[in-house]
Amino acid sequence: GEDVEQSLFLSVREGDSSVINCTYTDSSSTYLYWYKQEPGAGLQLLTYIFSNMDMKQDQRLTVLLNKKDKHLSLRIADTQTGDSAIYFCAERGSGGSYIPTFGRGTSLIVHP
Amino acid sequence: GEEVAQTPKHLVRGEGQKAKLYCAPIKGHSYVFWYQQVLKNEFKFLISFQNENVFDETGMPKERFSAKCLPNSPCSLEIQATKLEDSAVYFCASTLTAGAQETQYFGPGTRLLVL
């Protein structure tokens, strides 16, 4: 089946930028998502990007997509302690089932 | 604000007992998904609904799991004869549309512990 890979941990200092990377295998991916999960909570959709886009910016968040390499990244500018959470990358194709495939999440730790 | 509601928050069952979980999607959302989060981070798709109709149930272990989304009622996920490996957090998500402006909302989850 399709696969989405992420590194498990990222540690950054408060105020620095964080870059969380994700690779996927499905060449028919149409939608690519970034979710945030705080302890004991559900997933919060942060942003998504269509496969025909290279970049999307939303306040402190910048998503970059390299479709040729099937690589997606999420950059968080001026990272704050409140950004500490698990970040999930997910993708889905344009087929009828609308089921996203999730990565296993990257734990972002922000220290002072 | 709009939220997907899930009840109960926590559920403890002895092995072999039944477990029933509920999800109230956001009003107006057409699609409902159930996921199982095990091993801390891994998400497994179980089933999806388009309105009251099963849309995709390829992830469901059908011998013990069943789900419904009936009109004017919360959606439900039922596990007959729970097993230890069913211990997980079960998330429900609702989606406005599968089209271009897609908005997905996840509920806070139900944590099921099977002893």
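Laboratory data are not the source of any read-out in this text; all were calculated from the coordinates shown. All values derive from a computational prediction rather than experimental measurement. For neighbour counting, all protein chains shown are included, and Cβ atoms are generated from backbone atoms with ideal geometry for every residue, glycine included.
Straight-line reach from B:LYS18: which lysines have a Cα under 26 Å away, not including same-chain ones fewer than 8 places off?
Within the straight-line cut-off, B:LYS18 pairs with B:LYS9, B:LYS40, B:LYS44, B:LYS62, B:LYS68, B:LYS83.
In a Gaussian network model over chain A where Cα atoms closer than 10 Å are linked, find which of A:GLN44, A:GLN59, A:GLN80 has the largest mean-square fluctuation.
Result for chain A, Cα springs under 10 Å: A:GLN59 fluctuates most.
Across the residues of A:45-51, average count of Cβ atoms on other protein chains within 10 Å? Spell out each step's value before the answer.
Numbers: counts 7, 0, 0, 3, 0, 2, 0.
For peptide A:45-51, the averaged partner shielding equals 2.
Stretch A:GLU38-A:GLU5 to full length: gain in nm at 0.36 nm per residue minus the Cα-Cα span?
Extra length from A:GLU38 to A:GLU5 when fully extended: 9.9 nm.
Give me the one-decimal nm value for the distance between modelled label points at B:SER66 and B:LYS18, 7 Å along each residue's Cα-to-Cβ direction.
Once both label points are built, they end up 0.8 nm from each other.
Aspartates and glutamates near A:LYS67 by alpha-carbon distance under 14 Å, same-chain residues fewer than 8 away left out - which ones?
Counting by Cα, and skipping residues close in sequence, A:LYS67 has these aspartates and glutamates nearby: A:ASP26, A:ASP54, A:GLU91.
Between A:ARG13 and B:LYS83, how many nm apart are label points set 7 Å from Cα along the C-beta direction?
It works out to 5.0 nm between the two label points.
Applying a 10 Å radius around every beta-carbon, put B:84-92, A:46-54, A:99-107 in order of their mean neighbour count, most first. Working shown, then result.
Numbers: B:84-92: 18.9, A:46-54: 14.9, A:99-107: 21.7.
Packing proxy ranking, top to bottom: A:99-107, B:84-92, A:46-54.
Run down the aspartates and glutamates and flag those whose C-alpha is under 12 Å from the C-alpha of A:LYS36, throwing out any fewer than 8 positions away in its chain.
Filter leaves A:ASP83.
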